[in-house]
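For reference, the structure discussed in these notes is given below.
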Amino acid sequence: MTFRPFLIQRSPQILIWGIVWAFATLLPVSCPADENAFESITGENPKEDRARWDGFYKSHPAAYGKSPVKVLTDVAGQFKKGAKIFVPAMGEGRNALYLAEKGFDVTAVDISEVAVESARAEAKKRRLSLKIEIGDLLSKEFKPNDYDVVILSLFFRTSILDRLKKSLKSGGFLFVYNELKVGNRNSNQDADIVVSESDLKAAFLGFKSVQINKYTENGKPVIGILGQKP
Ligand SMILES: C[S@@+](CC[C@H](N)C(=O)[O-])C[C@H]1O[C@@H](n2cnc3c(N)ncnc32)[C@H](O)[C@@H]1O
């Protein structure tokens, strides 16, 4: 009797648990929107953040996919030709690369060297020209009235929001994309990623022409907000 038939005959549960285990192992790679995949990965310690995010991107290549956020592609037509766009916490650059492809003047930053290298490799492959930097946004200085657009995708951090808004020119756009916090369902997840609608809307107080788009992505409620600085 060979090993495999023995296991199947004696313990069909082993086979079932094996399949369950295989799915559980593969799920975060194929489906980044997994419930706990990004739980508490970002805190307020840059060294720890860098190490954790580097580890995350090493074990989850293309974790957020290569396509830009859908709601960003819906609104990008409103940005003026050649607009100067800042993409903080760009990850592996899905949105920054898309915007560079559209001809915008893009600067993108992330704390993770692994993510930055991946974005640079993709930019090279697609022959795109954009500035990609490694940096900690918590300590980074932003020039006031500098950008036409700031893109915050799955990185909602109130401690840097005011500085980012100051870095926008008058008439410039702030774009925010997050998973929506619904009751306690996803309250154990990263606070930069899963945010309540009221906190997100508060970021746009005083802004004009605020456009809100709520929809479901990978079975999760998400929100995209675009507003213009007065
Ligand atoms: C949830 S991911 C979102 C990535 C990207 N914006 C996207 O939507 O695909 C959050 C990103 O924030 C970056 N990050 C975390 N803390 C940071 C910090 N202090 N400064 C810069 N980037 C940071 C992480 O490395 C990670 O790439």
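Within segment 46-96, which residues are among the polar types (S, T, N, Q) and either under 14 Å from Phe173 (Cβ atoms) or not assigned by TED's automatic domain parsing to the domain that holds Leu137 (or both)?
Looking only at segment 46-96, we keep the residues that are among the polar types (S, T, N, Q), and these are 59, 67, 73, 78, 95.
Hits for segment 46-96 are Gln78, Asn95.
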Given the condition at pLDDT 95 or above and over 20 Å from the mean Cα position of the chain (by Cα), answer yes or no: does some residue in segment 174-195 qualify? no
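Results for (1) among the hydroxyl-bearing types (Ser, Thr, Tyr); (2) over 14 Å from the mean Cα position of the chain (by Cα), shown as yes or no for each residue.
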{"site": "Phe56", "(1), (2)": "no, no"}
{"site": "Ser59", "(1), (2)": "yes, yes"}
{"site": "Ala62", "(1), (2)": "no, no"}
{"site": "Val71", "(1), (2)": "no, no"}
{"site": "Phe79", "(1), (2)": "no, yes"}
{"site": "Pro88", "(1), (2)": "no, no"}
{"site": "Glu101", "(1), (2)": "no, yes"}
{"site": "Asp105", "(1), (2)": "no, yes"}
Among all residue pairs at least 6 apart or on different chains, which show Cβ distances below 9 Å where the first residue, located in segment 100-114, is part of a helix (DSSP H, G or I) and the second is more than 16 Å from the ligand (Cβ to nearest atom)? Ala100/Arg126; Ala100/Leu128; Ala100/Ser129; Glu101/Arg126; Glu101/Leu128
With the structure loaded, tell me whether Arg120 is basic (Lys, Arg), part of a loop (DSSP other than H, G, I, E, B) and more than 27 Å from Phe207 (Cα to Cα) or whether it fails that test. no
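If you check Val114, Val87, Val149, which single one turns out to be more than 9 Å from the ligand (Cβ to nearest atom) and modelled with pLDDT of 95 or more?
Values: Val114 fails: more than 9 Å from the ligand (Cβ to nearest atom); Val87 fails: more than 9 Å from the ligand (Cβ to nearest atom).
The match here is Val149.
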Restricting attention to segment 201-213, does a residue exist that is without any contact (Cβ under 8 Å) to a residue 40 or more places away in the chain, assigned by TED's automatic domain parsing to the domain that holds Gly82 and among the charged types (D, E, K, R)? yes
Would a scan of segment 51-60 turn up a residue that is in a loop (DSSP other than H, G, I, E, B), at pLDDT 95 or above and more than 12 Å from the ligand (Cβ to nearest atom)? no
Of the residues in segment 152-185, those that are more than 16 Å from the ligand (Cβ to nearest atom) and within 27 Å of Lys81 (Cβ to Cβ) come to Lys165, Lys166, Leu168, Lys169, Ser170, Gly171, Gly172, Phe173
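Taking segment 95-111, which residues are within 15 Å of the ligand (Cβ to nearest atom) and farther than 24 Å from Ser159 by Cα?
Applying the first criterion (within 15 Å of the ligand (Cβ to nearest atom)) to segment 95-111 yields 95-100, 106-111.
If the condition is that a residue be within 15 Å of the ligand (Cβ to nearest atom) and farther than 24 Å from Ser159 by Cα, then Leu97, Tyr98, Leu99, Ala100 are the ones that fit.
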Every residue in segment 117-144 that is hydrophobic (A, V, I, L, M, F, W, C), more than 10 Å from the ligand (Cβ to nearest atom) and either touching a residue at least 12 places away in the same chain (Cβ under 8 Å) or touching a helix residue (DSSP H, G or I) at 6+ places or on another chain (Cβ under 8 Å) (or both), please. Ala123, Leu128, Leu130, Ile132, Phe142
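The values are calculated or read from the model by the stated rules, or taken from the named source; none is laboratory data. The structure presented is a predicted model; accordingly, all values stated were derived computationally and were not measured. Cβ: placed from backbone, ideal geometry, glycine included. Neighbour counts: every protein chain shown.
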